[in-house]
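Asker: Let me give you the structure first, and then I'll get to my questions.
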Amino acid sequence: MGRAVRGAVRRGKRLIADERLRAELELCDRWGIPHSQFKGAGTGRWTARDREKALAYRAYQRTVCPQCGTRESDWDPDLGGDPYAYVAQVHKCWGCEELQARQKEIPEGAAGAGLKVVLLPASVAAALDVQQSLT
């Protein structure tokens, strides 16, 4: 069992260092396809290597904070990290501002149950308005 753990740690190092591989495996995970198929070399059947990559990616994901996207080892010098590797900055998202403003318009209680605010491109919203006016 120790041998498998050491192998997983070694594979994890590539995931940590290779941002492109992480992005590819993220898409494979989302689409449910093997990495070999994503790379254009596979038939869609999951090879042993595809399964190893998928499991290594899932193990890597468990080390990432779902809120900030960093890992403990990014910060901890004892784990090879740097406590000053990241700087928190304020960023204004115009879309989030619009969502929050419209969210306040939803009534509380049963009248607002299930209502959600979504962002649509203006052209799509206009087309939906026209369609609704015709029905």
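The values are calculated or read from the model by the stated rules, or taken from the named source; none is laboratory data. Owing to the predicted nature of the structure, the values given are computational and were not obtained by experimental measurement. Please note: Cβ atoms are built from the backbone with ideal geometry, for glycine as well, and neighbour counts cover all protein chains shown. In case anyone asks, the SASA skips ligands and DNA or RNA and just uses the protein heavy atoms, side chains included. Shrake-Rupley method; radii C 1.70, N 1.55, O 1.52, S 1.80 Å.
Asker: Applying the selection to region 47-56, what residues are open to solvent by 50 Å² or more (accessible area, probe 1.4 Å) and touching a helix residue (DSSP H, G or I) at 6+ places or on another chain (Cβ under 8 Å)?
Answerer: Hits for region 47-56 are Thr47, Arg49, Glu52, Leu55.
Asker: List the pairs whose first member sits in region 33-46 and is open to solvent by 70 Å² or more (accessible area, probe 1.4 Å), whose second member is among the small types (Gly, Ala, Ser), and whose Cβ atoms are under 6 Å apart, counting only residues at least 6 apart or on separate chains?
Answerer: Hits for this filter: Gln37/Gly44.
Asker: In addition: With the requirement that a residue be farther than 16 Å from Ala17 by Cβ and hydroxyl-bearing (Ser, Thr, Tyr), what does region 43-80 give you?
Answerer: Thr43, Thr47
Asker: Sticking with this one: Consider only pairs whose beta carbons are under 6 Å apart and that are at least six residues apart or on different chains; among these, list those whose first residue lies in region 57-77 and is open to solvent by 40 Å² or more (accessible area, probe 1.4 Å) and whose second residue is in a loop (DSSP other than H, G, I, E, B).
Answerer: Trp75/Gly81; Trp75/Pro83
Asker: Please count how many residues of region 108-124 are among the acidic types (Asp, Glu) and open to solvent by less than 100 Å² (accessible area, probe 1.4 Å).
Answerer: Qualifying residue count, region 108-124: 0.
Asker: Next question. What pairs come up if the first residue lies in region 111-135 and is in contact (Cβ under 8 Å) with a residue 12 or more places away in the chain, the second is part of a helix (DSSP H, G or I) and small (Gly, Ala, Ser), and their beta carbons are under 7 Å apart, counting only those six or more places apart or on different chains?
Answerer: Leu119/Gly95
Asker: I'd like the full set of residues that are under 17 Å from Val64 (Cβ atoms) and of a type in the set (Lys, Arg), limited to region 20-50.
Answerer: Listed by number, the residues that qualify are Arg20, Arg22, Arg30.
Asker: Which of (1) in contact with a Lys or Arg (Cβ under 8 Å, 6 or more places away or on another chain); (2) farther than 21 Å from Arg14 by Cα is the odd one out, the single condition Tyr60 does not satisfy?
Answerer: In the conditions (1) in contact with a Lys or Arg (Cβ under 8 Å, 6 or more places away or on another chain); (2) farther than 21 Å from Arg14 by Cα, Tyr60 misses (2) alone.
Asker: Does Leu25 satisfy the condition of being open to solvent by less than 100 Å² (accessible area, probe 1.4 Å), closer than 28 Å to Gly80 by Cα and modelled with pLDDT of 95 or more?
Answerer: Yes.
Asker: Would you confirm whether any residue within region 50-72 is over 22 Å from the mean Cα position of the chain (by Cα) and assigned to a helix (DSSP H, G or I)?
Answerer: no
Asker: In addition: Here are some conditions: (1) hydrophobic (A, V, I, L, M, F, W, C); (2) more than 30 Å from Ile16 (Cα to Cα); (3) at pLDDT below 95. Trp94 meets all but one. Which one does it not meet?
Answerer: If we test Trp94 against (1) hydrophobic (A, V, I, L, M, F, W, C); (2) more than 30 Å from Ile16 (Cα to Cα); (3) at pLDDT below 95, just (3) comes out false.
Asker: Please specify each residue of region 23-43 satisfying the condition of being under 14 Å from the mean Cα position of the chain (by Cα) and closer than 14 Å to Leu55 by Cβ.
Answerer: Leu25, Cys28, Asp29, listed by residue number.
Asker: State whether the residues of region 80-99 include one that is surrounded by 13 or more Cβ atoms within 10 Å (Cβ to Cβ), touching a residue at least 12 places away in the same chain (Cβ under 8 Å) and assigned to a helix (DSSP H, G or I).
Answerer: The answer is yes, given that some residue of region 80-99 is surrounded by 13 or more Cβ atoms within 10 Å (Cβ to Cβ), touching a residue at least 12 places away in the same chain (Cβ under 8 Å) and assigned to a helix (DSSP H, G or I).
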